[in-house]
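Read the structure below first, then the notes.
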């Protein structure tokens with residue numbers, strides 16, 4: 001058994017009991033533990049998705065193909081999988097939203113009693129960001145009787161947790177129609193249907209001031225924007241490093257008194273350059289939102305805002 005296979009098997013034995021206790025069927029089992037094997041591996045209901053990073057700048061195409069073949073064999077061996085249970089992808093910066101295939105290897109996974117559709121094959125990412133598992137649970141625990149807003153909702157996992165947690169109503173906003181359809185399917189999978197769950201396709205920077213003019217107001221908000229977006233359907237380009245003060249100010253216009261906002265980013269070099277207005281309490285809670293299977297890593301940063 002090779003070094004990578006051995007490490008994967010060891011990690012799986014360590015994490016499997018924890019995942020069972022937590023009611024989790026998808027979790028990270030490897031995250032660049034061995035320098036010679038820079039990849040991440042997640043398990044989804046007995047299937048594995050592995051993302052392979054570049055090893056070195058001078059790596060030849062042939063050497064990379066040989067390494068990827070070795071990775072495939074060792075992941076299968078270490079996790080005890082059949083070839084059809086492994087989906088091996090190249091890790092490309094900024095590529096998580098690009099569609100890459102039409103295989104539709106779609107399965108249902110469970111997280112703390114809730115169900116989510118994930119696509120293991122067709123996109124760079126699967127539709128469920130495992131590193132925000134703790135944040136989703138926290139949002140769900142705060143949602144009862146509150147009006148919930150999910151900005152840049154992606155596939156609606158935060159909305160599902162809020163709805164299942166007893167939110168009075170939910171609003172999910174995203175520019176992508178396919179992701180809003182995915183959100184609707186995730187909601188329906190968990191019995192969350194009807195007019196209380198609103199889906200809005202919009203450029204969020206433009207939608208926020210319109211919503212404020214309409215008098216819309218929310219008690220619990222999640223805002224997890226991409227690092228950069230310049231879709232032709234947007235009125236304004238979003239550069240999070242530059243635009244987060246404007247974004248946060250516009251979100252706060254919709255936050256009710258006593259309301260809470262969770263703001264997060266996976267931008268590795270992000271620096272918060274914003275002072276909250278009077279009556280808004282800001283606290284970074286990143287360490288509280290990193291789950292056990294990401295221990296030793298910082299896949300995102302997260303802040304909690306409370307409006308008096």
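Observations on the model:
- Debye log10 I(q)/I(0) at q = 0.21, 0.25, 0.26 Å⁻¹ for the range 3-90, Cα point scatterers: -0.97, -1.32, -1.41
- Residue order, fewest to most beta carbons within 10 Å, for 176, 295, 206: 295, 206, 176
- Helix axis angle, 3-22 relative to the chain longest principal axis, alpha carbon, degrees: 40 degrees
- Look at where the Cα atoms of the range 35-73 and of the range 251-267 average out, and the two centres are 37 Å apart.
- Built from the Cα atoms of the range 93-193, the convex hull projects on average onto 6.2 nm², one quarter of its surface area.
- Using a cutoff of 8 angstrom between alpha carbon atoms and counting only pairs six or more residues apart, the relative contact order for the chain works out to 12 percent.
- Residues residue 283 and residue 212, FRET efficiency given R0 of 41 Å [Cβ-Cβ distance, rounded to 0.05]: 0.95
- Nearest-ten-degree value, helix 240-252 long axis tilted from longest Cα axis of the chain: 40 degrees
- If both residues of a DSSP beta bridge must be in the chain, then about 55% of such bridges are antiparallel.
- Distance histogram in 5 Å bins (all Cα pairs of the range 161-246, percent per bin): 3, 12, 22, 23, 20, 13, 7, 1
- Using a simple spin-label model with pseudo-atoms 7 Å out from Cα toward Cβ, residue 108 and residue 84 lie 2.1 nm apart.
- Principal-axis tilt of helix 61-79 within the chain, Cα atoms, nearest 10 degrees: 90 degrees
Taken together, the values in this text are just the output of simple stated rules run on the coordinates, not laboratory data. As the structure is a computational prediction, the values presented were derived from the model and not from experiment. Reconstructed Cβ throughout: ideal geometry from the backbone, glycine too, with neighbour counts over all protein chains shown.
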